[in-house]
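Comments concern the structure below.
Derivation of every value follows stated rules applied to the coordinates shown; laboratory data play no part. Given the structure is predicted, the values throughout are model-derived calculations rather than measurements. Note that we place each Cβ from the backbone using ideal geometry, even for glycine, and neighbour counts take in every protein chain shown.
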Amino acid sequence: MRSRLISKLLAAAVVAVAATAFVVSTAQARTPAPGYEQFAGCPSPEENSIDTGCIRSDITGGHFQMGTKDVPIEKPMVLSGGVDGNLENFAASPAGGLTPVKQKVPGGVIGLTGLTFLFELLGSEALTLYAVTELTGAPVIGEELEITLPIRVHLINSVLGSKCYVGSFSNPITLHLTIGTTNPPPPNKPISGVPPKVTIEEEREILNLTGGTWVDNSFAAPGANGCVLTLFGFIPISINGLVNSQSGLPAAAGTNETRQDIDISLTAREHVYP
């Protein structure tokens with residue numbers, strides 16, 4: 001499992017944690033062969049001539065904590081697509097990419113902003129807050145299962161406007177995920193991931209890696225940007241400062257943590273599109 005091939009496979013699959021997939025043209029979309037339906041997000045040869053493998057990653061649990069806010073991964077996310085012979089150049093068909101799953105943020109908008117009067121105006125249901133992670137740059141895959149991911153977190157509720165983020169393209173949250181042991185600055189202490197179990201479905205020639213956990217508690221998180229409360233329907237007021245003060249942002253390296261539980265499947269594209 002320490003071979004370069006398996007290392008590259010695992011690292012490529014971890015992109016599912018946070019990636020916005022590259023989607024190829026719909027012109028030559030095809031249906032996967034029976035038994036390979038789970039790889040529907042993999043582009044066909046007509047859609048992408050470079051990729052030779054099909055990959056699917058299921059993020060089944062874990063959490064993402066930055067500042068004082070800790071968001072559990074309660075709803076599974078799926079990334080499906082294709083990779084080349086080096087398990088690089090990820091691309092997806094229109095059926096693939098990263099599923100747009102919203103994770104519920106404990107405390108909602110009031111917990112994020114401290115604006116308790118919003119409860120009287122809107123009620124608790126309208127103040128439910130969601131977080132969606134988006135990739136802001138290309139992932140970098142290492143030799144020992146590490147992966148670097150630059151991301152931003154989209155905070156979703158109409159009260160915050162449509163462009164409320166933590167992190168940006170110019171100032172991303174940069175994750176360094178590993179199944180090994182971290183070496184964070186204080187006050188965080190080292191934590192360890194869990195290597196996946198490797199099995200092969202010989203009849204269908206599908207490689208499965210299950211039960212793996214990738215971790216990072218060394219990353220920094222910048223302050224919020226683009227969070228706007230519109231009073232009376234037409235007076236916009238920036239609430240970035242409120243979000244930051246209530247959420248402990250910006251948060252220095254050594255004060256944040258993420259754990260991601262991931263199951264991975266990989267097969268040759270010739271099986272999916274014979």
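List VAL272, VAL101, VAL166, VAL78 from most exposed to least, where exposure is judged by having the fewest other Cβ atoms within 10 Å.
Listing VAL272, VAL101, VAL166, VAL78 from fewest to most nearby Cβ atoms yields VAL101, VAL78, VAL272, VAL166.
Just want to confirm a number: the relative contact order over the chain, from Cα pairs under 8 angstrom separated by 6+ residues, in percent.
It rounds to 22 percent for the chain.
Let me have the relative contact order for the stretch 110-257, percent, based on Cα pairs under 8 Å that are six or more residues apart.
Computed value for the stretch 110-257: 21 percent relative contact order.
How many nm separate the modelled label positions at LYS163 and ALA126, each set 7 Å beyond the Cα in the direction of the Cβ?
2.4
How big is the stretch 4-272 by the Kirkwood estimate over distinct Cα pairs, in Å?
19.5
Within 10 Å, at most 12 other Cβ atoms, and a DSSP state outside H, G, I, E, B define an exposed site. Report the longest part of the chain free of exposed chymotrypsin sites (Phe, Trp or Tyr not before Pro).
Excluding the exposed sites themselves, the longest stretch runs over 1-168.
Work out, step by step, the length gained on full extension between ASN171 and ALA253: first 0.36 nm times the residue separation, then minus their alpha carbon distance; give nm to one decimal.
Net length gain for the segment: 28.1 nm.
At 0.36 nm per residue, minus the direct Cα-Cα distance, what do ILE237 and VAL198 gain on full extension? Give it in nm, one decimal, please.
Stretched out fully, the ILE237 to VAL198 stretch lengthens by 8.8 nm.
Round to the nearest 0.05 the FRET efficiency obtained for ASN208 and LYS75 when R0 = 30 Å and r is the Cβ-Cβ distance.
It comes to 0.85.
To the nearest 500 deg cm²/dmol, what mean residue ellipticity at 222 nm is calculated for the chain from DSSP H runs of n ≥ 4 alone, each contributing -39,500 (n - 2.57), summed and divided by the residues?
-3000 deg cm²/dmol
Return the distance in nm (one decimal) between the two label points of a simple spin-label model at THR99 and GLU37, each offset 7 Å from Cα along Cα→Cβ.
Here the answer is 1.4 nm between the modelled labels.
If each residue's Cβ is checked for other Cβ atoms within 10 Å, how do MET66, MET77 rank with the fewest at the top?
Ordered by Cβ neighbours within 10 Å, fewest first: MET77, MET66.
Need the full-extension length gain, THR52 to GLU88, defined as separation in residues times 0.36 nm minus the C-alpha distance. One decimal, nm.
Result for the pair: 11.9 nm of gain on full extension.
Enumerate the residues in the stretch 200-228 having an amide nitrogen under 12 Å from the point lying 7 Å beyond the Cα of HIS63 toward its Cβ.
Output list for this probe position: empty.
A 20 angstrom limit on the alpha carbon distance is what I want to check against. Which of LYS69/LYS102; LYS104/LYS189; LYS102/LYS163; LYS75/LYS197; LYS102/LYS197 exceed it?
Violating the 20 Å limit, Cα to Cα: LYS104/LYS189; LYS75/LYS197; LYS102/LYS197.
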